[in-house]
Amino acid sequence: MSVGTTARRGAGLLGTLLRTIGMIIVLVLVLHIVLTLLDANPANGLTSFVSDLAAQVNLGLDDLFLPTEPKLRVTLNYGVAAVIWYAITVIVVRIVRRFS
């Protein structure tokens, strides 16, 4: 096995790992939006866990839009964060795979 083949495999594995992490972050943000829209019990362990995790990865965008309707606020702010995370993931994975 040559060095080039090993490097391509390593870059491919790194790209897959980064894509998986990015998509998990997007999934958490979207799940938080869905749970909010469906009026999930905020005292529930799963809902609380998802909400706390989403707050950690929302890129500080939880107050980008300030509509008076709380559901619309969560949908807009966390939706924008999910789109940005998706774009970041796609770009970073392409860069990693391009250098392989």
For L14, work out the one condition from (1) among the aliphatic types (A, V, I, L, M); (2) more than 14 Å from V80 (Cβ to Cβ); (3) over 20 Å from the mean Cα position of the chain (by Cα) it doesn't fulfil.
(3)
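Is one or more of the residues making up the stretch 28-39 of a type in the set (D, E, K, R), on the phi < 0 side of the Ramachandran plot and at pLDDT 95 or above? Step through it out loud before you land on a result.
To start, the set of residues in the stretch 28-39 that are of a type in the set (D, E, K, R) comprises 39.
Pick out the ones that are also on the phi < 0 side of the Ramachandran plot and you get none.
There is no residue in the stretch 28-39 that is of a type in the set (D, E, K, R), on the phi < 0 side of the Ramachandran plot and at pLDDT 95 or above.
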Of the numbered conditions (1) touching a residue at least 12 places away in the same chain (Cβ under 8 Å); (2) more than 17 Å from the chain's Cα centre (by Cα); (3) under 30 Å from G10 (Cβ atoms), L37 satisfies every one except a single condition; which is it?
(3)
Considering each residue of the stretch 3-58, count those that are surrounded by 12 or more Cβ atoms within 10 Å (Cβ to Cβ), outside any helix (DSSP H, G or I) and among the small types (G, A, S), and give that number.
1
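The values are calculated or read from the model by the stated rules, or taken from the named source; none is laboratory data. Note that the structure is predicted; figures quoted are calculated from it, not measured. Virtual Cβ from ideal backbone geometry, glycine too; neighbours counted across all protein chains shown.
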